[in-house]
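*Asks:* Can you read through this structure? Questions will come right after.
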């Protein structure tokens, strides 16, 4: 069971799959390393894919809330350091996309290319309200309500309707994982405070930005804002999917990532 130890002695659980050029995959709020399970079968054929549990979830440490996205980026860097890796492709989804920006900004020589998927560089009023609502539910220990509002916003309405059994299973698993709410509170606080917008012009690696036209959490114009701020970036807009396109359309999303990576070896 590989464990990376951070500078502050936190323990970060990680796995790697496949072989080749390293590819670090960073998960979103409240999700563990299995978040990228739908993409690993394809990507691990060509890359050594690293997935890990962000602090506060899964088998990683749960420090007291009050840390930042940059602190979480150091956890990601610690995973690569544990394997002696000097450079890697870095992709993150949702909160993971914002963490990936911090990795690239704070460790530019480490990042070969960057994937910012269904993410943002700063909060808008709507995103701030959504994250603050979830944080309040977590602080009050309202696990059922936190799971419900998260799933209703994460998934495209028709997909949700067509996969009710899956939604029930995911909901149960999400609630079961909430043994302590400190992980959710800490991650949501970091998301609310996180802001890399003024530093986007510092990013100077090939960058793929994705979004979905039916995303209820991150609107298309947020991805367009990222593209406008990052030179050498490209934007792919998915149609018909919601926020978690990597789950709703796993093969399509995997192929989009693989195509980009193949053009930037």
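*Asks:* Kirkwood Rh over alpha-carbon pairs of segment 98-176, then Stokes-Einstein at 4 °C and 1.567 mPa s: what D in µm² s⁻¹, rounded to an integer?
*Replies:* It comes out at roughly 86 µm²/s.
*Asks:* In addition: Consider just the alpha-carbon atoms of the chain and return their Rg together with their Dmax, both in angstrom.
*Replies:* Considering the chain through its Cα atoms, Rg and Dmax are 16.9, 47 Å.
*Asks:* Take peptides 210-217, 162-169, 242-249, 226-233 and line them up by average Cβ neighbours within 10 Å, highest first, as a rough protection proxy.
*Replies:* So the peptides 210-217, 162-169, 242-249, 226-233, ranked by packing, come out 242-249, 210-217, 226-233, 162-169.
*Asks:* What translational diffusion coefficient, in µm²/s and rounded to a whole number, does the Stokes-Einstein relation yield for segment 100-142 at 10 °C and a viscosity of 1.306 mPa s, taking the hydrodynamic radius as the Kirkwood radius over Cα pairs?
*Replies:* In µm²/s, the coefficient is 125.
*Asks:* What FRET efficiency would be calculated for the residue pair residue 164, residue 109, taking the C-beta separation as r and a Förster radius of 35 Å, to the nearest 0.05?
*Replies:* With a Förster radius of 35 Å, E is 0.15.
*Asks:* Let me ask another. Sort largest first and round to whole Å: the equivalent ellipsoid semi-axes of segment 132-216, each the square root of five times a Cα gyration tensor eigenvalue.
*Replies:* Listed largest to smallest, the semi-axes of segment 132-216 are 28, 20, 10 Å.
*Asks:* Scale the Cα Rg of segment 30-75 by the rule-of-thumb value 2.2 N^0.38 Å and send over the ratio, two decimals.
*Replies:* Taking N as the residue count of segment 30-75, the ratio is 1.34.
*Asks:* Here's something else I'd like to know. What Rg and what Dmax come out for segment 14-95 when only alpha-carbon atoms are used, in angstroms?
*Replies:* Both quantities, over Cα of segment 14-95: 12.3, 38 Å.
*Asks:* Over the chain, what is the relative contact order in whole percent, taking alpha-carbon pairs under 8 Å and six or more residues apart?
*Replies:* Once normalised by length, the contact order is 20 percent.
*Asks:* Hey, in the GNM for the chain with a 10 angstrom Cα cutoff, which one of 49, 124, 102 fluctuates hardest?
*Replies:* Maximum fluctuation in the GNM of the chain, among the listed residues, is at 124.
*Asks:* In Å and on Cα atoms, what radius of gyration and Dmax does segment 117-265 show?
*Replies:* 16.5, 47
*Asks:* Here's a follow-up. Compute the FRET efficiency between residue 9 and residue 125 as 1/(1 + (r/R0)^6), taking r as their Cβ-Cβ distance and R0 = 51 Å, and round to the nearest 0.05.
*Replies:* Approximately 0.85, to the nearest 0.05.
*Asks:* When the helix-only estimate is applied to the chain (DSSP H runs of n ≥ 4, each -39,500 (n - 2.57), divided by the residue count), what is the mean residue ellipticity at 222 nm, nearest 500 deg cm²/dmol?
*Replies:* -13000 deg cm²/dmol
*Asks:* With a cut-off of 8 Å between alpha carbons and a minimum separation of six or more residues, what is the relative contact order of segment 20-147 in percent?
*Replies:* 24
Read-outs: derived from the displayed coordinates by stated rules, not from any lab. As the structure is a prediction and not an experimental result, all values here were calculated from the model. Cβ atoms come from the backbone with ideal geometry, glycine included; neighbour counts cover every protein chain shown.
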